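**Student:** Let me give you the structure first, and then I'll get to my questions.
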Amino acid sequence: MKQTNSHRDLRINVPVLARVEGEGALELDISQGEIKNLKLRIFEPPRLFEKFVEGYHHTDLLDMVARICGICPVAYQMSAVQALEKLFGHTPTPWVSDMRRVMYCGEWLQSHSLHIHLLAAPDFLGFDNAIAMAKDFPQEVRRGLSLQGLGNDLMVLFGARSVHPVGICVGGFYHAPEAEKVAAIRARLQAALPQAEALVHWCAGLKFPQDEQSFISVALRHPDEYAIYAGDLVSDQGLNVPIEDYAQHFQEFQSPHSTALHAALNGQPYLVGPLARLNLNLEQLPDTVRSNLEATGITFPSKMMFHSILARAVELHFILLEALRLLKDYEVPEQSRQIVEPVAGTATGASEAPRGLLWHQYQVDAEGRIQSATIIPPTSQNQARMEQDIALSLQNYGLEHTDEQLRLHAEQVIRNYDPCISCATHFLQLKIRR
C-alpha cells in the first residue's frame, strides 16, 4: 500500500466497524496533516427494550432486561433489582447482598478474560485474531478460555445458566446453591489465583503505544468496598453525588451521524469502565492486588488509555480474591428470598458492568407494573470519549503512516473500550477517497 502524505487531503471511510454492538462505521477527513473531521457512526437499530418493558409486572422485568446483552446480562439484572428494591423499601439480607456480589464477580471474570485474551491481546502482539495468536501463545489463550469458563460457572451457580440467567428476583434469589457446589467452585477459584497474578504481569509487559491523554474518569464509589453492585457517582473532577442525581449532571444527546445516543458530563465527554474505576478507586483494592500491580512498575491513576487492558487484569485478580472471601464461610440460608410488595414511584439503580457504569430508572405503578424505563449503558456513555480518543490517538500515532496502519490503529483504539462482542467475527474494511 502506498504511503500517505500527511500534508495532502484525504478521506478514510471505514464502512464496517469490528467488535461493536450493532452496525457502525468510521469516517475520517485529514487535511494539511491534521484531522479535520471524525465521525464514529453507529447504525445500531432500535432495540426498543425501554418500550418493551412498559406494562409488564416488575417480576418480569429482570428476565427481560437480561436479554439486552448476552455478555453482561447480570449487570442489567443487578441495576434493575437494586432500583426496584430501593423503591419498595426492601433491604436485602447480608447473604443476598454477598451472593449477588459473587455472581457479579462471575460476569466480570468471564468478560474480562474474554476481552483480554481473545479481543485485545492480538492487537498488541501483532496478530489478526486470537486463532492466529494461539500458534505462538497457546498457553495464554488456554488461560483466557479457562478463566472465562470459570466466570461462566460462577454465574451458573446462582443463575442456572450463564447467558440470560434466571436466578435473581426482587427479594433475593429463587434458589440457593448447595454447599458442595460452592466448595467445588471455591477450589477452582483458589487454583486460578496464580494465573491471575501472572496475567497482570503479562499485560503490563505488552508494548503499549505512547499515547497519554487528558480525560474525565467516572465510576461508582462505595465507602466500604471496591464498587461493583452499588455506590455514589464520582469523577476525578470532584463530582460526588447519589445515583438519583445522574440527570442533573449527565446529559444524553443525539448526534446527527449516529443512531446511538452519546452522553456528556456537564457538556464534556467522559470515560467509564475498568481504567476509570482503577483511576478512582485504586486504594480500595486489597493489599495483595495493589502489591502485585506495583511490582509491574506501572502506576495508577493513568492517563494512558491503552492501560485499560492492564486495568482489566488487575480487576480480574481482585474479583477472584473477592469471590473467595465472600464464599469462605458459605452456608445455605433458611430462605433465599423474601416476598416484597410493590410501591408506586421512581426506581433508580446503578452498578458497574464490566464495561462501566450502567444506570437504570423506572416509573412503577402501585400494582408493580412498569410505566416507563430509561436505561443508559456504558457503551453509549463512552461514545463521545471514543471519538475524542480516536482523533487524539491517531494524531499522536502519526498521520504519515499508511492507510492500512491508520486503520489498524483506529481498530485498536475502538477495541480497547471493549464496546461489545456481537460483531467480533468481522473485521474493518477500509475505503479511501483522495
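The values are calculated or read from the model by the stated rules, or taken from the named source; none is laboratory data. No experiment lies behind these values; they were computed from the predicted model shown. Because the Cβ atoms are built from the backbone with ideal geometry, glycine has one as well, and the counts that use them run over all protein chains shown. When the accessible area is computed, the model is the full protein with side chains, heavy atoms only, and any ligands, DNA or RNA have been set aside. Shrake-Rupley method; radii C 1.70, N 1.55, O 1.52, S 1.80 Å.
**Student:** So what is the accessible area of the stretch 143-220 per residue, in Å², with the probe set to 1.4 Å?
**Tutor:** Computed with neighbouring chains in place, this is 41 Å² per residue.
**Student:** Please report, as a whole percent, how much of the solvent-accessible surface of the chain comes from carbon and sulfur atoms (probe radius 1.4 Å).
**Tutor:** Reported share for carbon and sulfur atoms: 50 percent.
**Student:** Mind pulling the angle between the C-alpha long axis of helix 308-327 and the longest principal axis of the chain? Nearest 10 degrees, somewhere in 0 to 90.
**Tutor:** Helix 308-327 and the main axis of the chain meet at about 10 degrees.
**Student:** Considering only protein heavy atoms, what per residue accessible area in square angstrom results for the stretch 255-314 with a 1.4 angstrom probe?
**Tutor:** Roughly 33 Å² per residue, with all protein chains present.
**Student:** Would you kindly give the portion of the calculated P(r) for the stretch 275-352 that falls above 19 Å, as a percent of all Cα pairs?
**Tutor:** Of all Cα-Cα distances in the stretch 275-352, 55 percent exceed 19 Å.
**Student:** Let me ask something additional. Show me the three semi-axes of the equivalent ellipsoid for the stretch 107-209, from the C-alpha gyration tensor (sqrt of 5 times each eigenvalue), largest first, rounded to whole Å.
**Tutor:** Values: eigenvalues 191, 44, 24 Å².
Over the Cα atoms of the stretch 107-209, the ellipsoid semi-axes are 31, 15, 11 Å.
**Student:** Taking only the Cα atoms of the chain, how large is their convex hull per residue, in Å³?
**Tutor:** 130 Å³
**Student:** For Q32 and T374 in the same chain, what is the full-extension length gain: residue separation times 0.36 nm, less their Cα-Cα distance, in nm? Show your work: numbers first, answer last.
**Tutor:** Working: separation 342, 0.36 × 342 = 123.12 nm, distance 4.32 nm.
Result for the pair: 118.8 nm of gain on full extension.
**Student:** Among R142, R186, R369, which one shows the biggest mean-square fluctuation in a GNM of the chain, springs joining Cα atoms closer than 10 Å?
**Tutor:** Residue with maximal mean-square fluctuation among R142, R186, R369: R142.
**Student:** With springs only between Cα atoms under 10 Å, which of A75, A263, A179 fluctuates most in a Gaussian network model of the chain?
**Tutor:** A179
**Student:** Per 0.36 nm of contour for each residue apart, how much would the distance between Y56 and N266 grow if the chain were fully extended, relative to their Cα-Cα spacing?
**Tutor:** Numbers: separation 210, 0.36 × 210 = 75.60 nm, distance 3.39 nm.
Here the answer is 72.2 nm.
**Student:** In the stretch 37-170, how does Rg compare with the Kirkwood Rh, expressed as the Rg/Rh ratio over alpha carbon atoms?
**Tutor:** Here the Rg-to-Rh quotient is 1.07.
**Student:** Follow-up. If the label point is 7 Å along Cα→Cβ of Q335, which residues in the stretch 167-187 have backbone nitrogen under 15 Å from it?
**Tutor:** 169-176
**Student:** Right, here's the next one. Cβ neighbours within 10 Å, averaged per peptide: list 371-377, 276-282 in order, most packed at the top. Each step should come with its number before you reach the end.
**Tutor:** On the way: 371-377: 18.3, 276-282: 23.1.
Put in order of decreasing packing, that is 276-282, 371-377.
**Student:** Here is a follow-up. Taking the Cα-to-Cβ direction at K328 and at T91 and moving 7 Å from each Cα, how far apart do the two end points lie in nm?
**Tutor:** For K328 paired with T91, the spin-label model returns 2.4 nm.
**Student:** Which entries of K86/K328; K36/K303; K51/K86; K207/K303 show an alpha-carbon separation above 26 angstrom in the structure shown?
**Tutor:** The pairs that break the limit, which is 26 Å between Cα atoms, are K86/K328.
**Student:** For a quick check of understanding: with a 1.4 angstrom probe and all protein chains in place, what accessible area in square angstrom does D329 have, to the nearest ten?
**Tutor:** 130 Å²
**Student:** Highest mean first, what order results for 130-141, 317-328 on Cβ atoms within 10 Å?
**Tutor:** Highest-to-lowest ranking by the protection proxy: 317-328, 130-141.
**Student:** Of Q251, L118, L61, which is farthest towards the positive pole of the chain's charge dipole, taken about the Cα centre with +1 and -1 on the beta-carbons of Lys, Arg and Asp, Glu respectively?
**Tutor:** Farthest along the dipole direction, towards plus: L118.
**Student:** If you scale each eigenvalue of the Cα gyration tensor by 5 and take the root, what three semi-axes come out for the stretch 216-303, rounded to whole angstrom and sorted largest first?
**Tutor:** Over the Cα atoms of the stretch 216-303, the ellipsoid semi-axes are 28, 16, 10 Å.
**Student:** Taking R0 as 60 Å, what FRET efficiency do you get between K207 and V343 from their Cβ-Cβ distance, rounded to the nearest 0.05?
**Tutor:** So, using R0 = 60 Å, E works out to roughly 0.65.
**Student:** Specify the residue with the greatest mean-square fluctuation among Q248, Q110, Q395, computed from a Gaussian network of the chain linking alpha-carbon atoms under 10 Å apart.
**Tutor:** Q248
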